[in-house]
Amino acid sequence: MPENAVYWVDQSVMNSGNGSMGSPFELISEALALIPNGQAGTIKVKKAGTYEQVQIGQLKTVAILGVNAPVFESDFDTIVVAGGATVFVDGVIVSAGGSNGVSCINSAVWISDSEISLNGARGVLGNVCDMHVLRSRIVRNVQGALRAIDGEVVISNSFVGGDTNNQTAVIVEGAVDAEVIYSTLAMGYGTATVLSCVNGNGEGVSVRNSILVAATDGAEISGCDSAQFATTVTESGALGTMGVGSMDISWFFDFGVADFHLTANAPDEISTAATWQTGDPKTDIDGHARPTTDGTPDYAGADVPN
């Protein structure tokens with residue numbers, strides 16, 4: 001990203017400044033206006049109350065970097081990425097909005113070290129979008145965590161789902177290339193599932209070194225018979241995964257608020273179910289070290305208890 005296109009935003013200021021660190025803009029839209037169509041820029045957003053909807057398009061490449069975890073909330077989709085834009089969202093909280101936390105259409109979005117929670121629709125909705133979710137929590141959204149319609153999606157080192165009933169954590173629909181690695185996907189009761197493949201049987205979907213469980217008595221995976229599963233824990237052991245029996249919420253630190261850190265009650269098999277490979281994350285969701293030698297057994301899911 002260009003060093004001469006870095007802008008600061010702090011909506012608590014009395015008067016909007018020039019976008020410098022010492023004299024920040026009041027509104028994110030002021031910073032976006034200085035990034036020309038098709039060009040790149042960085043916006044550093046300070047924690048200050050609640051920021052409203054952000055729309056980014058016009059082939060722009062924009063990094064939105066949170067300083068002390070600023071909160072975004074809107075009655076509509078809160079962060080909207082469209083028009084061929086590429087957006088990096090890091091260190092923010094997108095919570096309690098009326099619709100989707102992040103929506104992406106014909107564009108690309110990278111979400112890292114962030115929380116997308118308690119939104120009225122989905123956490124993330126992508127339509128022909130390249131989506132990456134890294135070290136993040138997409139949890140407790142009314143209609144589930146993430147839906148990808150065509151496009152690509154990578155979920156790594158993340159907590160996904162929540163104690164939400166009759167919904168699906170991750171839906172891949174149509175021609176989607178999807179990779180889930182070192183992540184914990186967990187859902188609630190009723191007809192809840194953690195992974196569903198729609199209008200396709202999961203070709204192009206790969207799940208590795210992860211935990212997929214739900215409090216419901218039903219199957220945690222739906223319609224993904226052609227997906228590739230490896231070194232991954234489920235309740236049932238279906239599709240070549242390691243079965244550990246019916247999920248107990250005591251496996252997790254606080255299932256009710258989607259804190260999926262493992263407790264001492266978690267099955268022992270989880271601690272060696274994964275196999276670390278070159279290129280895999282070297283730390284867990286909290287920065288705790290993982291092994292870094294090919295073929296070493298490791299904890300499945302996003303958390304290494306510490």
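Return yes when ALA273 is buried (at least 21 other Cβ atoms within 10 Å of the Cβ), more than 22 Å from the chain's Cα centre (by Cα) and over 19 Å from MET187 (Cα atoms) and no when it is not.
Spelling it out, ALA273 is indeed buried (at least 21 other Cβ atoms within 10 Å of the Cβ), more than 22 Å from the chain's Cα centre (by Cα) and over 19 Å from MET187 (Cα atoms).
How many residues are within 23 Å of ASP303 (Cβ to Cβ) and in contact with a Lys or Arg (Cβ under 9 Å, 6 or more places away or on another chain) when one looks only at the range 112-137?
Total satisfying the criteria: 9.
Among the strands (runs of 3 or more DSSP E) confined wholly to the range 73-177, which include 2 or more residues that are on the phi > 0 side of the Ramachandran plot and free of Cβ contacts under 8 Å to residues at least 60 places away in the same chain?
Per the criteria, 146-156.
Please work out which one of (1) modelled with pLDDT of 95 or more; (2) out of contact with any Cys (no Cβ under 8 Å at 6 or more places or on another chain) is the condition GLY49 fails and give its number.
Against the list (1) modelled with pLDDT of 95 or more; (2) out of contact with any Cys (no Cβ under 8 Å at 6 or more places or on another chain), GLY49 comes up short only on (1).
Filtering the range 21-51 down to residues that are of a type in the set (S, T, N, Q) and outside any strand (DSSP E or B), which residue is surrounded by the fewest Cβ atoms within 10 Å (Cβ to Cβ)?
Going through the qualifying residues, I end up with ASN37.
ASN209 passes all but one of (1) within 15 Å of the chain's Cα centre (by Cα); (2) crowded, with 24+ Cβ neighbours inside 10 Å; (3) of a type in the set (S, T, N, Q); which number fails?
Looking at each condition in turn, ASN209 falls short on (1).
For the range 60-76, does any single residue satisfy the condition of being of a type outside the set (Phe, Trp, Tyr), out of contact with any Ser or Thr (no Cβ under 9 Å at 6 or more places or on another chain) and either buried (at least 20 other Cβ atoms within 10 Å of the Cβ) or at pLDDT below 95 (or both)?
no
Hey, any hits in the range 271-288 for a residue that's modelled with pLDDT of 95 or more, hydroxyl-bearing (Ser, Thr, Tyr) and in contact with a Lys or Arg (Cβ under 8 Å, 6 or more places away or on another chain)?
Yes, the conditions are met somewhere in the range 271-288.
Only one of these is at pLDDT 95 or above, in a strand (DSSP E or B) and under 16 Å from SER210 (Cα atoms): PRO297, PRO291, PRO267. Name it.
None of the others qualify; the one that does is PRO297.
Within the range 154-183, track down each residue that is buried (at least 19 other Cβ atoms within 10 Å of the Cβ) and among the hydrophobic types (A, V, I, L, M, F, W, C).
Once the filter is applied, which keeps residues that are buried (at least 19 other Cβ atoms within 10 Å of the Cβ) and among the hydrophobic types (A, V, I, L, M, F, W, C), the range 154-183 yields ILE155, PHE159, VAL160, ALA169, VAL170, ILE171, VAL172, VAL176, ALA178, VAL180, ILE181.
From VAL109, VAL139, grab the single residue that is among the aliphatic types (A, V, I, L, M) and either modelled with pLDDT under 95 or over 21 Å from ALA186 (Cβ atoms) (or both).
None of the others qualify; the one that does is VAL109.
Residue-wise test of (1) touching an Asp or Glu at 6+ places or on another chain (Cβ under 9 Å); (2) exposed (fewer than 14 other Cβ atoms within 10 Å of the Cβ).
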site	(1), (2)
TYR189	yes, no
VAL194	yes, no
THR278	yes, yes
THR293	no, yes
GLY301	yes, no
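Tell me, yes or no, whether the range 19-32 has at least one residue that is hydrophobic (A, V, I, L, M, F, W, C) and either closer than 21 Å to GLY120 by Cα or within 19 Å of the chain's Cα centre (by Cα) (or both).
No, the range 19-32 contains no residue that is hydrophobic (A, V, I, L, M, F, W, C) and either closer than 21 Å to GLY120 by Cα or within 19 Å of the chain's Cα centre (by Cα) (or both).
The values are calculated or read from the model by the stated rules, or taken from the named source; none is laboratory data. Worth saying up front: this structure is predicted, and the values here are computed from it rather than measured. No Cβ is skipped: glycine too gets one built from the backbone with ideal geometry, and neighbour counts run over all protein chains shown.
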